[in-house]
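The structure appears below as C-alpha cells.
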Amino acid sequence: MIQNVIIAGSGFAGLWAAIAAARAAFVAGKSDELAITVVSPVAALHMRPRLYEATLDNMAPELGPLFTAVGVRHVAGRIEKIDAGERQVTVALNGGAQVTLPYDRFVLATGSQVITPNVPGLAEYGFNVDQLQQAERLERHLQSLAARPQSEARDTVVVVGAGFTGIETATEMPERLRAILGPDAKVRVLMLEHAPVVGPELGAGPRPVIEEALREVGVETITSAGVAAIGAGGVVTSDGRSFPAATVIWTAGMRANPLAEQLGGEVDRFGRVHADPYLRAPGADGVYVTGDVARAATNGEGNVAAMSCQHALSLGRVAGYNAVAELVGLPLHAYSQPKYVTCLDLGPWGALYTEGWDRQVKLTREEGKALKRAINTEWIYPPAPDRDAAFALARPDHVIVP
C-alpha cells in the first residue's frame, strides 16, 4: 500500500523538505512504497531574499527537472484547507478545479508574507518586495519615473521599515534611482522606522556600521515615526509630517501563512506554530511544520529560528526527513542549528557579516559583499537535477554556513 507524504509549498523549506523526504525513502529502501507530492502554484523557487535588488533575472529557477530526478511529484495549486482529523487537504488547482488529497504525513512549508496593515492609501499607492510579482511591479514603476517631469516627489523614495529588508532595499535605492533618472538627479531616499533606532532586531553591536553605511550611500533615517497615510504624492507620518514621494515601499513586518492557524496548536506573535523538537505540530497528529510557519528552538539557550532563508534550509531538511522517517522506521532527527550568522547587503558601501545571536561583526565593506554575493548567487540556489548530488546535500544534519 502506497503511503502519501504531502508538502505544501516549494520555497526554501518546502524544496528541501521534498528532497530530504525522497532521500529518507531511498535510504530506507522504500522509495516504491511512498508517494511524495509538493503542492504549490508553480514548480519554481522564488529567490525572495534577493527581491530588493535592481536586476531580477534568474529569480525563479525551475524545479520541475529536480523534482523528477529525485522522484517527487508536483501539483500546481494552492492548499485551501487542512483537515488533520481526516488526514486530507483540499487543493484549488491552477486550472480552477478543486481536489482532495489524502496524506499519511503532511509538511506545512508555505512560508510567510509581509503584513499590510490598514493604512490609508497603502493598497493603492504602496509597493513592496515581498514576492517576485511585486518586485517586478516596483521595477516597472521606477523605470516609468524617467518619463515624468522632474519634481521632488518623483525623485524621492520612502522605505517604510528599517529592518533587514528595509535596510537592504533602501541602500540599493540611491544608485538605482540615479541609473534611471540620471547621475545629476536630486535623489532622496528616506527610511521610516517606528522604533527609536534603525535595525532594532539586529541589536546594538552592528548598528554603528549600519548607520555609517546609510550615511555614506545617502539614505536619511527617521525613527520613532510610523506612517499615518499614503497618497499619490507622498506620505504623512504618525507625528504629522509630510514628505513628497512618488514611491513608497512597505517592508515593515512579517507573518506566517494563515494555513498555520488551521492546525489548532499554539502560535506565536508572528502566527508560527510552536513545533516540538522534531518539528511536529502538537495540535495535529501526522503534521510537521517548517520554515517560516514553525517556531522552533535552534539550541538550548532560548534562541528561536528566525523567519529567514538561513533557517528555512535546515528546517526543511529536518521536517522532510522526519515525515518519512516516522513512516519507514528510521530514527527521528531533532532540529538543531546552533550557529547563527547574518549577512546584510548595504548597497555600494558593501555588506555586513556577523556571527552569533549577539551579532559580532566579522566582515564589512567589500569582504562582506563578496560573501553576500556568494550567498545570493550560489549557496541558496537549488542543486542540479541530479538525484545523487541532491541527496548528498539533503541530510537532516546538513547546514550551510560560512
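Some points to look at:
- With θ taken as phi - 60° and the Karplus curve 6.51 cos²θ - 1.76 cosθ + 1.60 applied, the whole-hertz 3J(HN,Hα) list for segment 335-352 is 5, 8, 8, x, 7, 10, 9, 9, 9, 9, 6, 10, x, x, 5, x, 8, 10 Hz, x standing for glycine and proline.
- Under 5 Å, built H, 5+ apart or other chain: amide partners of Gln88: Asp83, Tyr103
- The modelled label-to-label distance between Glu216 and Val328, using points 7 Å beyond Cα along the C-beta direction, is 5.0 nm.
- Segment 11-43 and segment 50-76: distance between their alpha carbon centers, rounded to Å: 15 Å
- Counting only Cα atoms, the size of the chain along its three principal axes is 68, 47, 38 Å, in decreasing order.
- Against the rule of thumb 2.2 N^0.38 Å, how large the Cα Rg of segment 122-250 comes out: 1.00
- Solvent-free Debye scattering, log10 I(q)/I(0), computed from the Cα coordinates of segment 140-189 at q = 0.17, 0.26, 0.27 Å⁻¹: -0.48, -0.99, -1.05
- Stokes-Einstein diffusion of segment 1-146 at 25 °C, 0.890 mPa s viscosity, Kirkwood radius from Cα pairs, rounded to a whole number: 144 µm²/s.
- Across Arg178, Arg78, Arg23, Arg154, the residue with the most accessible area heads the list, and the full order at a 1.4 Å probe is Arg78, Arg178, Arg23, Arg154.
- Carbon and sulfur %, accessible surface of segment 1-156 computed with the full protein complex present, 1.4 Å: 48 percent
- Diffusion of segment 96-167 by Stokes-Einstein, at 37 °C in a medium of 0.692 mPa s and with Rh set to the Kirkwood radius over alpha-carbon pairs, works out to 205 µm²/s.
- Average accessible area per residue (Å²) across the chain - probe 1.4 Å, nucleic acids and ligands excluded: 42 Å²
- Entry note, the chain: the mean residue ellipticity at 222 nm calculated from DSSP H runs of n ≥ 4, each adding -39500 (n - 2.57), is -8000 deg cm²/dmol after division by the residues and rounding to the nearest 500.
- Computed over segment 275-338, Cα set: Rg, Dmax in Å: 11.0, 32
- In this view, the solvent-accessible surface of Arg48, computed with a 1.4 Å probe and all protein chains in place, comes to about 70 Å².
- Amide H to amide H, with H built 1.01 Å from N, Leu63 comes under 5 Å of Ala44, Leu45, counting only residues 5 or more places away or on other chains.
- 5 angstrom amide H check on Gln3, placed H, neighbours 5+ away: Leu34, Ala35
- Fluctuation leader among Glu301, Glu216, Glu355 - the chain, Gaussian network, Cα springs under 10 angstrom: Glu301
- The label point for Arg148 and the one for Val42, both projected 7 Å from the Cα toward the Cβ, are 2.8 nm apart.
- Part-to-part distance (alpha-carbon centres) for segment 94-123 and segment 364-395, which is given in Å: 27 Å
- Net charge of neighbours whose Cβ lies under 10 Å from the Cβ of Glu168, counting Lys and Arg as +1 and Asp and Glu as -1: -1
- Karplus (6.51, -1.76, 1.60) ³J(HN,Hα), θ = phi - 60°, over segment 107-121, in Hz, Gly and Pro reported as x: 10, 8, 9, 8, x, 9, 8, 5, 7, 10, x, 7, 8, x, x
- Formal net charge of residues neighbouring Leu56 (Cβ-Cβ distance under 9 Å; K, R +1; D, E -1): -3
- In loop segments of segment 303-364 as defined by DSSP, the trypsin sites (Lys or Arg not before Pro) with at most 15 further C-beta atoms inside 10 Å of their C-beta are Lys339.
The values are calculated or read from the model by the stated rules, or taken from the named source; none is laboratory data. Computed from a predicted structure; not experimentally measured. Quick reminder, even Gly has a Cβ in these numbers, built from the backbone with ideal geometry, and neighbours come from all protein chains shown. Ligands, DNA and RNA are excluded from the accessible area calculation, which covers all protein heavy atoms including side chains. Shrake-Rupley method; radii C 1.70, N 1.55, O 1.52, S 1.80 Å.
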